[in-house]
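Below: one structure, written as structure tokens.
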Amino acid sequence: MAKSDSPMLLQGTLDLLILHALQRGPLHGYSIAQTIHVLSDEALKVEEGSLYPALYRLELDGAIAAQWGVSENNRKAKYYEITKRGKKLLSAEQETWNRLSVGVQRVLARQP
Amino acid sequence: MHRLFLKLFRRRSMERDVAAELAFHQAMAAAQGNPIPMGNATVIQEEARDLWRFTFVENLWRDVVYGARSLRRSPALAATAVLSLGLGIGINTGIFSLAVEFLLSEPSVTNARSVVSVRMGGSSHAKKEVVEFVRASGLFQDVVGENEEAYINWNDGAETRQIFAVQLTKNYFTALGVPIAHGRGILPQDPDEVVVLGNRFWRTRLRGDPAVVGRAIRLEGRPYIVVGILPADYRSLIGFGYSPDVYVPRYLDDTILALYARLKPGMTMGQARAGVAAVAQRLDQAMPEAFRYAEGIQVVAVGGFDRIKSETEMQTVGLFFAMLLIVAGLVLTIACVNVAGLLLARGSARRQELAVRLSLGAGSGRLVQQLLVETALLAFAGVAFGLMLRQGMAAAVEQVQLPLPLPIRLHLTLDWRVTLYAILLAGFAAVVCGLVPACRSVRQSIAPNLRREGRMRLQRGLVVGELALSLIVLTAGVLFLRNLWRSNAISPGFDIRHTIYADVNLPPQEYKDLARKRLYIGQALRELKALPGIESVAGARVIPFNAGDRFMTGLKLADTGKTVRAFFYWNAVTPEYFRAMGIRIARGQTFPDDTDAVTRTVIVNRTFAQRYLTDRDPLGRTFLWGDAKTPYAIVGIVDGTKNLSIGEDPQPQLYEDLARIDNDRTRIAFVLRSATLPGTQLQAVRAALRRAEPNAGLEVATLYSSIGLAFLPSQVGAALLGGIGMLGLMLAVIGLYGVMAYSVSRRTREIGVRLALGADRRDIARLVLASAAKLILIGSAAGLLCAFFLVKPLAMFLVPGLRPHDPLTFAAVAALLALTGLAAAWGPARRAASVDPMISLRYE
């Protein structure tokens with residue numbers, strides 16, 4: 001089914017991106033997807049099929065908190081906000097990701 | 001934690017939220033003409049739901065419901081399993097309750113952990129002044145004293161009886177914080193004539209009337225005001241279920257007291273010990289005695305593990321219970337293996353169901369879980385049944401009046417420890433009897449070509465294991481039965497079949513005078529001798545097995561001038577004693593009648609002569625006892641008796657004439673030799689003694705019943721282990737029967753073919769019996785091998801002369817197992833032989 005031209009996201013990376021997107025302030029699901037899309041220079045597309053389960057999981061883990069609010073076009077929307085716990089998780093995940101991507105790049109830069 | 005909280009409280013709103021949120025997302029995307037592809041809304045909702053659910057718990061619940069339904073479809077299996085497990089768990093928890101009561105129960109006082117028993121000078125009891133001295137030293141928060149083995153005469157208006165009293169210091173109840181059911185405890189400012197009643201005494205002798213508080217009862221001829229009644233579950237400081245009838249302030253001047261103290265807050269046992277040592281040194285200066293208080297100091301906790309650590313008798317009791325628990329655990333294992341066998345058979349019947357579920361995509365882990373849940377259901381039903389059994393056994397044990405000269409009441413309550421133990425056992429049972437069959441069923445279903453596992457190797461293996469275990473258990477049981485037999489056959493050294501024993505407790509106030517006591521003894525002997533059917537009557541200070549006074553002293557022999565240090569059991573008796581008790585006088589004679597002779601006379605037993613008087617003929621020799629001026633002459637040598645337990649080695653004994661000793665006691669025993677059955681004479685004996693002194697407390701019984709204490713350990717051991725052993729055998733034989741019956745039913749077709757081809761029916765029966773015999777043989781061999789090593793430590797509980805490695809025991813056990821096993825296989829063999837070839841060929 002995955003016919004998209006955008007790369008598949010690694011398991012766990014989506015959490016990192018969501019938490020990163022929420023750092024600036026509370027956002028609803030749609031704008032989280034949009035933020036990621038824009039920040040990646042339109043390289044990444046987050047499908048709602050993976051976005052919302054990831055949001056619910058993060059909420060259950062206590063990394064983000066949800067609250068109903070009113071959107072910019074005056075509609076009821078669910079806003080997500082990063083928690084203290086989420087911030088801790090974010091820095092830890094970022095650390096892991098940095099090490100991983102540096103490692104992968106190093107490997108790929110050299111001939112075996 | 002966070003997850004659980006959210007799940008519990010926000011679950012309801014979750015579904016609604018998801019739908020609304022997705023709608024919003026779609027609207028936004030549509031409004032912006034966004035190219036981000038739409039997912040399937042239903043899938044997202046389902047995923048969200050999965051995330052929010054207690055998946056594990058919900059699956060478990062479904063398994064429970066399903067398991068209960070499938071067990072209801074095979075009630076015979078469920079009943080057998082619950083019965084086996086229930087019996088196993090019941091007996092285990094029952095023994096565990098006994099162990100808890102004997103070993104770990106704490107006395108009914110507030111904060112029992114801070115109460116210690118104190119011994120000084122190596123003696124368990126001390127004078128009242130010593131108790132006061134320790135209390136005045138301020139070392140402890142408080143110090144109390146009690147004498148727990150006193151008898152007191154109680155007059156109920158019609159008759160005087162001896163009852164068990166505890167004499168105590170008046171601060172006892174307040175310092176220890178003893179709970180009271182009605183009224184109050186004794187207070188320090190109370191007068192001397194107050195009494196607190198034991199619950200059982202109050203219920204059985206005073207009809208449980210709460211209005212008795214404030215009234216008086218007559219003790220030792222004086223009115224004592226009842227101030228309070230103890231609760232039914234009261235546990236005394238001694239433990240072991242010892243439940244005296246009444247608690248009174250110390251009323252005899254010469255009563256010595258056991259010391260108990262409450263530690264100050266934060267005080268350690270080490271500090272207490274050091275403190276007691278210092279106090280004892282000052283005590284030695286203040287009240288010099290022949291011994292030193294500062295020696296032999298013991299400070300011991302009154303309950304729990306600390307007590308086990310510091311008392312060797314408790315360790316022996318502990319080891320006995322450990323052994324019992326191991327044996328009972330083996331029985332439970334047999335029960336579990338039994339159930340495992342049943343489930344295996346059922347598993348092969350359910351193979352189809354499991355195969356269907358597997359092919360529909362169920363994980364094999366989930367199926368194992370499902371099957372384990374079914375076993376757990378059985379195990380918990382087994383626990384419920386087992387605990388019911390335990391309640392029944394506990395009630396029975398609490399009702400049983402042990403044949404003991406002491407008031408023992410056990411409180412086998414179902415407390416948290418017992419419940420926890422039962423639950424642990426259930427878990428053990430579920431895993432043992434469930435895991436193997438469950439894994440196997442699932443594996444077989446995955447590989448259907450393994451289906452014809454015709455020989456049922458695993459089931460047979462289980463039965464062999466069961467038989468081996470039951471043989472071990474039976475060996476222990478038979479050993480203890482032989483022990484009982486053996487100890488019954490050991491002669492105590494006197495006649496217990498024709499003898500009546502009377503214990504008289506004279507009112508101490510009226511019998512302070514020695515001459516009055518002697519007068520009474522003479523009159524009582526005359527009254528008893530006049531009874532028809534009584535051949536011989538004697539008085540004695542103590543009767544063997546009920547008490548034993550031991551002396552360690554120097555005897556200075558007049559003829560050689562040498563002093564021998566002798567250690568012997570001492571008793572004072574009237575001349576007729578040896579005839580009444582049936583003790584043979586080997587040489588010499590009994591005490592002469594002339595009471596005014598200068599020389600005092602003694603009789604010794606043969607062990608005494610052999611150990612201390614080997615240099616010359618002992619008869620007629622005289623010696624000086626300690627510092628006394630009067631010489632003692634040996635006038636007779638008798639065969640010895642046992643003193644305290646039936647299994648003991650012969651001990652030196654020395655008898656004095658009861659009429660010549662300085663008798664300080666008001667308690668006298670009489671023994672009567674009856675020409676007829678002793679049980680029929682008890683009433684007449686009681687009446688005769690009543691005539692001699694109406695106000696004395698009386699206990700009259702056959703000697704056989706009153707020396708029950710001596711036989712108790714071997715009886716209890718035999719009853720418990722024999723019972724457990726029989727249960728183990730029964731369970732193993734049921735298992736064998738089950739496997740044989742199942743294998744016959746599976747081989748019906750084969751047997752039909754054999755018969756159709758002309759096999760003799762007797763051969764068929766022999767075939768089945770032979771395969772059973774093979775299982776029994778292997779099981780016995782394995783069991784004997786294990787038993788040989790495992791029963792070795794049991795030697796410490798057996799009478800001397802009975803070795804645990806006695807070949808006779810092993811032979812008896814193996815024969816018993818073989819016979820019952822073959823008997824169990826007989827039914828299936830008969831059924832196999834009676835198979836109708838026509839029907840069996842059409843079968844399947």
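Worth pointing out:
- From the list A:Y56, A:Y80, the one residue that fits, being in a helix (DSSP H, G or I) and of a type outside the set (D, E), is A:Y56.
- Being touching a strand residue (DSSP E or B) at 6+ places or on another chain (Cβ under 6 Å), in contact (Cβ under 8 Å) with a residue 12 or more places away in the chain and either buried (at least 16 other Cβ atoms within 10 Å of the Cβ) or part of a helix (DSSP H, G or I) (or both) is a property that does not hold for B:A524.
Okay, residues lined up against (1) within 14 Å of chain B (Cβ to nearest Cβ); (2) of a type in the set (D, E):
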position	(1), (2)
A:A21	no, no
A:E42	yes, yes
A:L55	yes, no
A:G62	yes, no
A:E72	yes, yes
A:K84	yes, no
A:A92	no, no
A:V107	no, no
A:R110	no, no
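- Residue pairs meeting the criteria (Cβ under 6 Å; at least 6 apart or on separate chains; first at positive phi, in the stretch B:600-621; second not charged (D, E, K, R)): none
- Options A:R99, A:R75; residue that is free of Cβ contacts under 8 Å to residues at least 24 places away in the same chain and loosely packed, with under 13 Cβ neighbours inside 10 Å: A:R99
- For the stretch B:197-209, taking the residues that are farther than 13 Å from B:A232 by Cβ and loosely packed, with under 13 Cβ neighbours inside 10 Å, the one that is farthest from the chain's Cα centre (by Cα) is identified as B:D209.
Here's the yes/no breakdown for (1) farther than 29 Å from B:R346 by Cα; (2) at pLDDT below 75; (3) crowded, with 18+ Cβ neighbours inside 10 Å; (4) out of contact with any helix residue (DSSP H, G or I) (no Cβ under 9 Å at 6 or more places or on another chain):
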site: B:L22; (1), (2), (3), (4): yes, no, yes, no
site: B:A29; (1), (2), (3), (4): yes, no, yes, no
site: B:N40; (1), (2), (3), (4): yes, yes, no, no
site: B:V64; (1), (2), (3), (4): no, no, no, no
site: B:R72; (1), (2), (3), (4): no, no, no, no
site: B:E106; (1), (2), (3), (4): yes, no, no, no
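- The combined condition, being touching a Gly at 6+ places or on another chain (Cβ under 9 Å) and in the same structural domain as B:Q651 (by TED's automatic domain parsing), is fulfilled by B:T553.
- Every pair of residues 6+ apart whose Cβ atoms lie under 8 Å, when the first sits in the stretch B:733-749 and is under 19 Å from B:I778 (Cβ atoms) while the second is part of a helix (DSSP H, G or I) and among the basic types (K, R): B:V739/B:R460
- When the criteria are applied in full, B:G539 meets the requirement of being touching a residue at least 24 places away in the same chain (Cβ under 8 Å), within 25 Å of B:G679 (Cβ to Cβ), under 43 Å from the mean Cα position of the chain (by Cα) and surrounded by 20 or more Cβ atoms within 10 Å (Cβ to Cβ).
- Boolean, A:L51 is more than 8 Å from every other protein chain (Cβ to nearest Cβ), touching a residue at least 12 places away in the same chain (Cβ under 8 Å) and within 21 Å of A:L100 (Cα to Cα): no
- Options B:R307, B:R282: the member that is among the charged types (D, E, K, R), modelled with pLDDT of 80 or more and not in a loop (DSSP other than H, G, I, E, B): B:R282
- Any hit, the stretch B:127-144, residues being buried (at least 20 other Cβ atoms within 10 Å of the Cβ), among the polar types (S, T, N, Q) and in the same structural domain as B:L230 (by TED's automatic domain parsing): no
- Residue check, B:V716 buried (at least 17 other Cβ atoms within 10 Å of the Cβ) and either among the β-branched types (V, I, T) or at pLDDT 80 or above (or both): no
The values are calculated or read from the model by the stated rules, or taken from the named source; none is laboratory data. None of these values were measured; they are calculated from a predicted model. Positions of Cβ are generated from backbone atoms using ideal geometry, with glycine treated the same way; all protein chains shown enter the neighbour counts.
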